[in-house]
Amino acid sequence: MTTKFLAFSCPHCPLEDRKAIDWLLTQIASYQPDVIVHLGDGHEASGASVHPNEERFTLKEEYAAHDKLLGDIRKAATHKGRRNARLVFLPGNHDDNILAACRIDSKVRELCDYRKHEPELTNWEQPAEYIYDRKKGTFKLGQVTFAHGYEAGMGGGRFQSVLLGMPYGLTVTGHTHRPEHVTRAMMTQGVPLPFWWANAGCMRDLKPDYVKRKRTHLWGQAVVVGECEEVKSPRLSRAWEAETRIFRMSDDA
């Protein structure tokens, strides 16, 4: 028996792109996944940033926007005549910044915990922390590993597929805002490794003011969809199939 999954990442509420979200909801309704994985950075976390900014929205407004998004996804995942999709939320670095020591004054940190302000989160499993760890920082379905992502460099996908994933498995991340199709890790140009990765890009505004002087042409809005066998023991062959579906890239926005 196979399990269908759909993964998306990085809406950065309230900077989510409404057209991309509408496309995401359409993908969920048509693909009817058994499991939906939110790969994190649900919040922009402007109030917990170490960088000075001029954003006018509050954490409360971020929480309201993210809560609405979670609710919209839950409704789209309600399939007629069959079991509703399992919902999984994995925190990203922006989400973790709200909870992290030193980012928000300790006297008010507990009051700022987004988990206390978003009722829709009670419908989502939260099985991992934002920690670069094969067990504590990931969610797994058979040979497929999901994590927000920790690497942003050119070799990030390859490193994470080996450090977080399993042999003959796929590692699905976000974090970089750069969609990547299913790619096999290589030890050298001619020697393949039994690890694969894919990146779900983002669901946020692709042209914010703060990136006017940065290269964002590889940013894109996408999802990773696929099917896997929920095998419990290691296998010496792939037991999954997946693809990255791209809505649009930064240059198209």
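At a glance:
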item	result
Reach of Lys19 by Cα under 22 Å, taken over lysines that are not fewer than 8 positions away in the same chain	Lys68, Lys75, Lys207, Lys212
Extension gain, Arg18 back to Gln189 (0.36 nm per residue minus Cα-Cα distance, nm)	57.5 nm
The chain - percent relative contact order, Cα under 8 Å, separation 6 or more	22 percent
Segment 87-194: trypsin sites (Lys or Arg not before Pro) in DSSP coil with no more than 10 other Cβ atoms inside 10 Å	Lys107, Lys135
J(HN,Hα) series, segment 83-96, from Karplus relation 6.51 cos²θ - 1.76 cosθ + 1.60, nearest Hz, glycine and proline x	4, 5, 5, 6, 10, 10, 10, 10, x, x, 5, 5, 5, 5
Amide H partners (placed H, <5 Å) of Leu15, local residues excluded	Glu44
Computed over segment 1-151: relative contact order in percent, which uses C-alpha pairs under 8 Å that are six or more apart	25 percent
Positive-end residue, the chain charge dipole about Cα centroid, Cβ charges, pick of Ala239, Ser46, Leu170	Ala239
GNM flexibility winner over the chain from His94, His43, His217 (Cα, springs under 10 Å)	His217
Dipole axis of segment 179-228 (+1 Lys, Arg; -1 Asp, Glu on Cβ), positive-most option in Val223, Val191, Cys202	Cys202
The chain, accessible surface, carbon-and-sulfur percent (1.4 angstrom probe)	51 percent
3J(HN,Hα) from dihedral phi, segment 215-228, Karplus parametrisation 6.51/-1.76/1.60, rounded to Hz, x for glycine, proline	7, 10, 5, 8, 5, x, 9, 7, 9, 10, 10, x, 9, 8
Eligible lysines near Lys232 by straight Cα distance, threshold 22 Å, same-chain separation 8 or greater	Lys4, Lys135, Lys136, Lys140
Cleavage-rule hits (GluC sites (Glu not before Pro)) in segment 1-65: DSSP loop, at most 15 neighbouring Cβ within 10 angstrom	Glu54
Solvent-accessible heavy-atom area per residue, rounded to whole Å², over segment 141-253 at 1.4 Å	49 Å²
For segment 85-188: relative contact order, % (alpha-carbon pairs under 8 angstrom, 6 or more apart)	24 percent
Range of Cα positions in the chain per principal axis (Å), largest first	51, 47, 38
Karplus (6.51, -1.76, 1.60) ³J(HN,Hα), θ = phi - 60°, over segment 171-183, in Hz, Gly and Pro reported as x	10, 10, 9, x, 6, 7, 6, 10, x, 9, 6, 4, 10
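The values are calculated or read from the model by the stated rules, or taken from the named source; none is laboratory data. Keep in mind the model is a prediction, meaning the values are calculated, not measured. Don't worry about glycine lacking a Cβ; one is built from the backbone with ideal geometry, like all the others, and counts go over all protein chains shown. Heavy atoms of the whole protein, side chains included, go into the accessibility calculation; ligands, DNA and RNA do not. Shrake-Rupley method; radii C 1.70, N 1.55, O 1.52, S 1.80 Å.
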